[in-house]
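Colleague: Quick one: the structure is below, and I'll ask about it shortly.
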Amino acid sequence: MSDSNPSPDRQSVVLLLSRKTVARAAQLAVPVMPYATALGVTFAQLRRHKLARVGAMVVAWIAMIGLFAELLAGERPLICKYDSHIYILPALSPKSAPFQSVAEYEAKRSPSDWAVFPLVVYGPDTEDRERAFLPPMRTDHVLGTDAQGRDVFARLVFGARTAFTAGFAGMIAFALIGVALGACAGFFGGLVDAFVTRLIEVLSAVPSLVLVLVVQALLPKASTYTLVVAIVLTRWTEVARLVRVEVFRVMSQDYILAARALGLSEWRILRRHVLPNAIAPAIVAGTFGVATIVLIESSLGFLRVGLPKDTTSWGEMLSQGRLSFDAWWLMVFPGGCVFLTVASLNLVGEALRDALDPRLRDAAVTHDHEAPAKS
């Protein structure tokens, strides 16, 4: 009988041996390392930083508290039925609220009316002089009151909004200015580089807090927005210096020479090839910059300069605690918020710095693909 037509039993044996051979070969095969992009390596590095993940969650948590402060503390309800109408989230819009305080609601309500108020039914500026310096966990003031009888919890919540508004708005603004000036200085060189470098040296020679105070004094009216402007005018130098150095490094790469050899315009090379590869230091400096701005805003609030009197600030609460050492809660709670925010931002910034460092990328890729093989 010819071997060209094997029997069914022989076909089954050959197929079984083939499957076992393929399975064994797959077990012994060395995994092929896929192509790793810079973004993928960055996220892989960030996933290994457990403290950075905790810091990012803390920052996000505090930012959300500040963003939705009216839902946690305030005298306007979350939802209510008043005068035969149902109002949803009037706490977020003072104009649409049927009443502005709990006392007004109690005076005008009918038996069929009802309302659901926030966790704390006091606003950050609600004063009660007769209940000043109440310790925590007394009556309905969970974290106590300050010298004017204002609720500490409400002021902490709205103070988070002030800190993060100044922090993130200032960070975005000074990062844009620093990236633009630093990139132009490093890319064009010559007089542009000399002018930007001398400007950076002049502004860096003066402490940031002093410059902020001077700029605030020159502006007509102090507010949170003028504070952001003052910080932006004094904090862009660090980003510009880092981006300028990184642009110098990128300009020496072969792909920039190839782009110029192909006849691409200077602006296209800057926009498509230089900036995307030189933006990493600006991201790291921006993260640390938010922490710096939070400290500057708290320092100005502590000194009671540069901000309006009605602005709720963690630093202003610390200033009250300095004047009354018996009211320890005025030092512990806002001081803890400042420390927790700055420490969490620094953890995130350090993780970003390590993840965006080119010297660590090869080690990160090797570690990520050796771990599954060992397991």
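The values are calculated or read from the model by the stated rules, or taken from the named source; none is laboratory data. None of the values given here were measured: they were computed from a predicted structure. So basically every Cβ, Gly included, is an ideal-geometry build from the backbone, and we count neighbours across all protein chains shown.
Colleague: Test of understanding: among Val215, Val247, Val202, which residue is under 19 Å from Gly170 (Cα atoms), of a type outside the set (Asp, Glu) and part of a helix (DSSP H, G or I)?
Modeller: Details: Val247 fails: under 19 Å from Gly170 (Cα atoms); Val202 fails: under 19 Å from Gly170 (Cα atoms).
Of Val215, Val247, Val202, the one residue that is under 19 Å from Gly170 (Cα atoms), of a type outside the set (Asp, Glu) and part of a helix (DSSP H, G or I) is Val215.
Colleague: Tell me, please, whether a residue that is surrounded by 24 or more Cβ atoms within 10 Å (Cβ to Cβ) and more than 30 Å from Ser265 (Cα to Cα) can be found in segment 207-225. Please lay out each step first, then the result.
Modeller: Let us first name the residues in segment 207-225 that are surrounded by 24 or more Cβ atoms within 10 Å (Cβ to Cβ), namely 212.
Cutting the leftovers down to more than 30 Å from Ser265 (Cα to Cα) gives us 212.
Yes, the conditions are met somewhere in segment 207-225.
Colleague: I need a count of the residues in segment 323-362 that are over 22 Å from Ala278 (Cβ atoms), at pLDDT below 80 and part of a helix (DSSP H, G or I).
Modeller: Within segment 323-362, the subset over 22 Å from Ala278 (Cβ atoms) is 323-347.
Cutting the leftovers down to at pLDDT below 80 gives us 323-325.
Retained after the next criterion (residues that are part of a helix (DSSP H, G or I)): 323.
Total satisfying the criteria: 1.
Colleague: Identify the single condition in (1) in contact with a Pro (Cβ under 9 Å, 6 or more places away or on another chain); (2) at pLDDT below 90; (3) among the hydrophobic types (A, V, I, L, M, F, W, C) that Ala103 does not satisfy, given that it satisfies every other one.
Modeller: Just one mismatch for Ala103, condition (1).
Colleague: Are any residues in segment 315-338 more than 22 Å from the chain's Cα centre (by Cα) and aliphatic (A, V, I, L, M), and if so, which ones? Talk me through it step by step, then tell me what you get.
Modeller: Within segment 315-338, the subset more than 22 Å from the chain's Cα centre (by Cα) is 316-332.
Of everything in segment 315-338, those that are more than 22 Å from the chain's Cα centre (by Cα) and aliphatic (A, V, I, L, M) turn out to be Met317, Leu318, Leu323, Ala327, Leu330, Met331, Val332.
Colleague: Sticking with this one: Evaluate the following for Thr237: is it under 21 Å from the mean Cα position of the chain (by Cα), farther than 26 Å from Ala69 by Cα and among the β-branched types (Val, Ile, Thr)?
Modeller: So Thr237 fits the description; yes.
Colleague: Against the definition (touching a Phe, Trp or Tyr at 6+ places or on another chain (Cβ under 8 Å), surrounded by fewer than 22 Cβ atoms within 10 Å (Cβ to Cβ) and part of a helix (DSSP H, G or I)), how does Ile177 come out, yes or no?
Modeller: On the way: touching a Phe, Trp or Tyr at 6+ places or on another chain (Cβ under 8 Å): yes; surrounded by fewer than 22 Cβ atoms within 10 Å (Cβ to Cβ): yes; part of a helix (DSSP H, G or I): yes.
Here the answer is yes, as Ile177 does meet what is asked.
Colleague: With respect to the numbered conditions (1) within 28 Å of the chain's Cα centre (by Cα); (2) of a type outside the set (Lys, Arg); (3) assigned to a helix (DSSP H, G or I), which one is the sole condition not fulfilled by Pro124?
Modeller: It is condition (3) that Pro124 fails.
Colleague: Now for a different question. Take the conditions within 17 Å of Gly123 (Cα to Cα) and either among the basic types (Lys, Arg) or within 24 Å of the chain's Cα centre (by Cα) (or both) and apply them to Gly149. Does it pass? Before the answer, list the steps.
Modeller: Details: within 17 Å of Gly123 (Cα to Cα): yes; either among the basic types (Lys, Arg) or within 24 Å of the chain's Cα centre (by Cα) (or both): no.
When the stated conditions are applied, Gly149 does not pass them.
Colleague: Can you find, within segment 260-309, the residue that is farthest from the chain's Cα centre (by Cα) among those that are polar (S, T, N, Q) and more than 20 Å from Phe188 (Cα to Cα)? Talk me through it step by step, then tell me what you get.
Modeller: Pass one, segment 260-309, residues polar (S, T, N, Q): 265, 277, 287, 292, 298-299.
Subsequent filtering for residues that are more than 20 Å from Phe188 (Cα to Cα) retains 287, 292, 298-299.
Working: Thr287: 7, Thr292: 12, Ser298: 17, Ser299: 19 Å.
It comes out as Ser299.
Colleague: For the list (1) touching a strand residue (DSSP E or B) at 6+ places or on another chain (Cβ under 6 Å); (2) at pLDDT below 85, I need the number of the one condition that Pro118 fails.
Modeller: All conditions are met except number (2).
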